[in-house]
1. What residue among GLY61, GLY91, GLY152 shows peak mean-square fluctuation when the chain is described by a Gaussian network model with Cα springs under 10 Å?
2. Of all the Cα-Cα pairs you can form in the chain, what percent are over 28 Å apart?
3. Only Cα pairs under 8 Å and at least 6 apart count here; give the relative contact order of region 132-221 as a rounded whole percent.
4. Could you list the trypsin sites (Lys or Arg not before Pro) in region 194-285 that lie in coil according to DSSP, counting only those with at most 14 other Cβ atoms within 10 Å of their Cβ?
5. Given a 10 angstrom Cα cut-off, can you work out which residue in VAL162, VAL270, VAL119 is the most mobile in a GNM of the chain?
6. Relative contact order (percent) for the chain, with alpha-carbon contacts under 8 angstrom and 6 or more residues of separation?
7. Among ALA180, ALA218, GLY152, which residue has its Cα furthest toward the positive end of the charge dipole of region 132-221, with +1 on Lys/Arg Cβ and -1 on Asp/Glu Cβ?
8. Subtracting the Cα-Cα distance from 0.36 nm times the residue separation, let me have the gained length for GLN181 to ASP101 in nm, one decimal.
Amino acid sequence: MVEVRPRPRGRAATALLAAALLTAGTACGIADAGENSVAVKDTLVIGVNADQPGVGERTGGTFQGFDIDFAKEIAERLGVPAANVTFKQVGYATREKLVQDGDVDLVVASYSVTPERKVKVSFAGPYYVAHQDVLIRASDAGKIRDIHDLKGRRLCRVPGSVSFPRVHDEQGVPALPVEAQGYAQCLADLTAGRLDAVSTDDLILAGLAAKASGGGHALRIVNAPFTDEPYGVGIRKADVAGCEAVNKAITEMYQDGAAVELLKKWFAPVGLKVTTTVPQFEGCV
């Protein structure tokens, strides 16, 4: 674990960050914050995953992981104390609807930004750019070296996730789908021999591999990434001011080292090489 040290905050840092936001490509002009904007709310409901070890997992009624810690930091920098933050589990196929219906204020849930999703919700960030890779049993390392070796093999498919379609449809690899309700089930099926591989973002795979190792199962990431997966913070489309405020918080976290500390805390122990520079933002529209 990496020790998290106190970080500088205050008006001077805020002024510096305002200029940085312009160069980061996030500024959409000065937006007025309505009473429903996350920029002015005193409480926040944040949608998170519950089945991704190291990223977003619920254990004993408590959520933990990189996304959870990142969401807490964003809320704090928006002026919302931890006591006023509620985490709500979201599904891969329900995230857009939960934002649209106002059931959650933000979604921080390894939520890849895609053109289809941007029609329904806006995205602050991304706060990290992951890369899709493949997780296999260590004993299969000589047989599966990249996604093309998944031809005719059993590959986990989670409804609502874009990971399986990226392999099967976009890359044209005729893998055999094995349905699972989430990546925790994918992991259980992989270690039990009910499927041959799991393909999704490398942060998620690193967490799954670490959990499997703790249970005595040897898994291996193929280390043949084939996509960029920008993790955005889902937010209501009309909330431009809230989007800009979240972008400011993310930029601050990279500038004062908070984001890097969280990446090291959760992924350095499993040997995953992470990117520590602020990603190119989507822009608030």
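1. Taking springs between Cα atoms under 10 Å, the residue moving most is GLY61.
2. 35 percent
3. It rounds to 41 percent for region 132-221.
4. Listed in order of number, the matching sites are ARG194, LYS273.
5. The residue with the greatest mean-square fluctuation here is VAL119.
6. 31 percent
7. Highest projection toward the positive end goes to ALA218.
8. 26.5 nm
We did not get these values from a lab; they are worked out from the coordinates using the rules stated. Here the structure is a predicted model, which is why all the values come from computation and not from measurement. Heads up, the Cβs are rebuilt from the backbone with ideal geometry, glycines too, and the neighbour counts pull from every protein chain shown.
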